[in-house]
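Student: Dropping a structure here in structure tokens format, bear with me for questions.
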Amino acid sequence: MPHDPRRGARRRFLRNSLAALAGGYGFFGAPASLALLNRAWAAPAGDDYKALVCVFLLGGNDGHNLVVPRGSEYALYAQRRRGLTLPQASLLPLSPQGWNGYAVGLHPAMPEMANLFGEGRLAILGSVGALLQPVTREEHQNGSVPLPPQLFSHNDQQDFWQNLAVRSSADPTPASGWGGRLADLVHADYNAGATLSMNLSLAGTNAFQTGHDVQSIGVDSGEIRAIRCRDPDAAAAFEAFLATPQANALADEYRRTTLRAIGDYATLADALGGIAPLATPFPPAPVEGAPAADRFAFALGSQLRRAAELIAARTSLHHRRQVFFCTLGGFDTHDAQMADQPQLLAGLSRALAAFDAATRELGVDTSVTTFVASEFGRSLTSNGDGSDHSWGNHLFVLGGGVRGGRIFGSMPDLAPASADFTWDGHLLPRIAVDQYGATLARWFGVSDATALDTIFPNLHAFAQGDLGFMQA
């Protein structure tokens, strides 16, 4: 039989590519939802590009010390927060456009975000949270309206924030995420000829990016390497397995998933190998003895740097739309909040500022929107050394397409009898996650009302489907 050099090349490729499977999340797609999104629209023609970047703060960031009263309301803030009170003079003053509420400042660990707010590139959303419909203090306390499941549970609220579904024991079907449903809707029209999924996770498998037609791809934020198999016989045996359909359904699904992963690895390596290095500096790896903020800045900055590189490679990937998922953990500050949260927020601020600068370097800053999420806020009242799980929160959105320098939603009345709080200092959300996401989806290119209601199943319960924080 004549020698075919292509067979040898493929064998070497497979042997070198198994490294794509070595990592904990590697390049496997997330499990797809069984619910099919009914598409009834078509994207407009053109070559416009847009990306959404979700930065999820795991643990529930304390928004009451993110955006803080710095005027007459400060006394009430200090009274309720006690040992969690930030010094009034330390707050970074903000001057929101068209704002009729009380004066506010940003946490002193976030000067980069304060500067971006002043430049009109960052907007604040006040009192955001998980809702099925609008809720008043009285309705919550007498239990007269439906609520999202297990409001103060990390797992349940991370799940709800990302998929917006209320599941029952009678329906065990995994819910798709709203980022996945959004991708299901747009990928065929915006990403024709794409060689890699438009849903790119820098933080492993997640509910947010789980779709039916579109599977998320986990991408390492470090070096992209192929497997180096030291045993040629084992590599040859595995190659033979990959090349042969398996009678066992589970084994064959593993074989096909592995082949897809190897193909995705090759596509990714080629795309990233074809871009110029970014000139924008990202936070470096921390040195021994460095403050924790350096570690947090590097952890998130590494993810965002890889996202910027994938944005730079968008043309070779045939992507006109991309959705990224990043995380930063450590925000469950029941204890030592005044020591830990400043380090977390400092790292977050530095990493986001570097990413924003990178989008400007790439000339896509008006086409990339970064939005911050967290499963819940924390109690206004102190537990003595920290704050406990709560409900509503203050968040922010960043990018050149944002109507920045503004506050959308509301800042709460901090008085003990305020209608803005229920039970032990739990902030009532005035903006639902569905409204937050739908505003981003409209900017992303989805204007059809039926499609928006499909992606955001609770949106119909709210009068305002577009919060106005994105430019047209």
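The values are calculated or read from the model by the stated rules, or taken from the named source; none is laboratory data. What you see is a predicted model, and the numbers here were worked out from it, not measured in a lab. Using ideal geometry, Cβ is built from the backbone for each residue, glycine included, and neighbour counts are taken over all protein chains shown. Note: areas computed on protein heavy atoms with side chains; ligands, DNA, RNA excluded. Shrake-Rupley method; radii C 1.70, N 1.55, O 1.52, S 1.80 Å.
Student: Can you name the number of the only condition in (1) open to solvent by 30 Å² or more (accessible area, probe 1.4 Å); (2) on the phi < 0 side of the Ramachandran plot; (3) in a helix (DSSP H, G or I) that His64 fails?
Tutor: (1)
Residue by residue, here is whether (1) touching a strand residue (DSSP E or B) at 6+ places or on another chain (Cβ under 6 Å); (2) part of a loop (DSSP other than H, G, I, E, B); (3) of a type in the set (Gly, Ala, Ser); (4) within 16 Å of Gly120 (Cα to Cα) holds:
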| residue | (1), (2), (3), (4) |
| --- | --- |
| Ala373 | yes, no, yes, no |
| Ala415 | no, yes, yes, no |
| Ser418 | no, yes, yes, no |
| Asp424 | no, yes, no, no |
| Pro429 | yes, yes, no, no |
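Student: Also, I was wondering about something else. Going through Ala266, Ala276, Ala207 one at a time, which residue ends up being among the aliphatic types (A, V, I, L, M) and open to solvent by 70 Å² or more (accessible area, probe 1.4 Å)? Even if it seems obvious, please write down each step before you answer.
Tutor: Values: Ala266 fails: open to solvent by 70 Å² or more (accessible area, probe 1.4 Å); Ala207 fails: open to solvent by 70 Å² or more (accessible area, probe 1.4 Å).
The unique qualifying residue is Ala276.
Student: If we keep just the residues of region 307-328 that are open to solvent by less than 30 Å² (accessible area, probe 1.4 Å) and part of a loop (DSSP other than H, G, I, E, B), which is nearest to Leu344 (Cα to Cα)?
Tutor: That would be Ala313.
Student: Out of the residues in region 405-448 meeting the condition of being within 23 Å of Glu138 (Cα to Cα), out of contact with any Lys or Arg (no Cβ under 7 Å at 6 or more places or on another chain) and small (Gly, Ala, Ser), tell me which one is most open to solvent (accessible area, probe 1.4 Å).
Tutor: Ala417
Student: Test of understanding: among Ser302, Ser349, which residue is of a type in the set (Ser, Thr, Tyr), open to solvent by 10 Å² or more (accessible area, probe 1.4 Å) and part of a helix (DSSP H, G or I)?
Tutor: On the way: Ser349 fails: open to solvent by 10 Å² or more (accessible area, probe 1.4 Å).
Within the list Ser302, Ser349, the selection yields Ser302.
Student: Does at least one position in region 200-217 carry a residue that is among the aromatic types (Phe, Trp, Tyr) and modelled with pLDDT under 90? Reasoning before the result, please.
Tutor: Step one: of region 200-217, the residues among the aromatic types (Phe, Trp, Tyr) are 208.
Imposing the further condition that a residue be modelled with pLDDT under 90 reduces the set to none.
Taking every residue of region 200-217 in turn, none turns out to be among the aromatic types (Phe, Trp, Tyr) and modelled with pLDDT under 90.
Student: Looking at Val128, Val135, can you tell me which residue is within 18 Å of Asp434 (Cβ to Cβ), under 25 Å from the mean Cα position of the chain (by Cα) and not polar (S, T, N, Q)? Working first, answer last.
Tutor: Working: Val135 fails: under 25 Å from the mean Cα position of the chain (by Cα).
Result: Val128 is the single residue among Val128, Val135 that is within 18 Å of Asp434 (Cβ to Cβ), under 25 Å from the mean Cα position of the chain (by Cα) and not polar (S, T, N, Q).
Student: Among Gly101, Gly120, Gly71, which is more than 18 Å from the chain's Cα centre (by Cα), closer than 30 Å to Ala203 by Cβ and surrounded by fewer than 17 Cβ atoms within 10 Å (Cβ to Cβ)?
Tutor: Numbers: Gly101 fails: closer than 30 Å to Ala203 by Cβ; Gly71 fails: closer than 30 Å to Ala203 by Cβ.
The conditions single out Gly120.
Student: Further question: Name the residues in region 239-263 that are out of contact with any helix residue (DSSP H, G or I) (no Cβ under 7 Å at 6 or more places or on another chain) and modelled with pLDDT under 85, would you?
Tutor: Thr257, Arg260, Gly263 - these are the residues of region 239-263 that are out of contact with any helix residue (DSSP H, G or I) (no Cβ under 7 Å at 6 or more places or on another chain) and modelled with pLDDT under 85.
Student: Give me the pairs: first residue in region 310-337 and farther than 15 Å from Val53 by Cβ, second residue buried (at least 22 other Cβ atoms within 10 Å of the Cβ) and among the β-branched types (Val, Ile, Thr), beta-carbon distance under 9 Å, and six or more apart or on different chains, which are they?
Tutor: Listed by first residue and then by second, the contacts come to Arg320/Val186.
Student: Scan region 75-102 and report the pairs whose first residue is on the phi > 0 side of the Ramachandran plot and whose second residue is assigned to a loop (DSSP other than H, G, I, E, B), with Cβ atoms within less than 9 Å and a gap of 6+ or a chain change.
Tutor: Arg82/Thr381; Arg82/Ser382; Arg82/Gly384; Gly98/Arg406
Student: For region 449-472, how many residues meet the condition of being in a helix (DSSP H, G or I), of a type in the set (Gly, Ala, Ser) and surrounded by fewer than 20 Cβ atoms within 10 Å (Cβ to Cβ)? First the steps, then the outcome.
Tutor: Pass one, region 449-472, residues in a helix (DSSP H, G or I): 449-455, 459-461.
Add one more test, that the residue is of a type in the set (Gly, Ala, Ser), and what stays is 449, 451, 461.
Remaining after also requiring surrounded by fewer than 20 Cβ atoms within 10 Å (Cβ to Cβ): 449, 461.
Of the residues in region 449-472, 2 are in a helix (DSSP H, G or I), of a type in the set (Gly, Ala, Ser) and surrounded by fewer than 20 Cβ atoms within 10 Å (Cβ to Cβ).
Student: Only one of (1) β-branched (Val, Ile, Thr); (2) within 19 Å of the chain's Cα centre (by Cα); (3) open to solvent by less than 30 Å² (accessible area, probe 1.4 Å) is not met by Thr257, so which one is it?
Tutor: Here Thr257 meets the rest and fails (2).
Student: Here's something else I'd like to know. As an exercise: evaluate Arg225 against (1) over 37 Å from the mean Cα position of the chain (by Cα); (2) in a loop (DSSP other than H, G, I, E, B) and give the number of the one condition it does not meet.
Tutor: (1)
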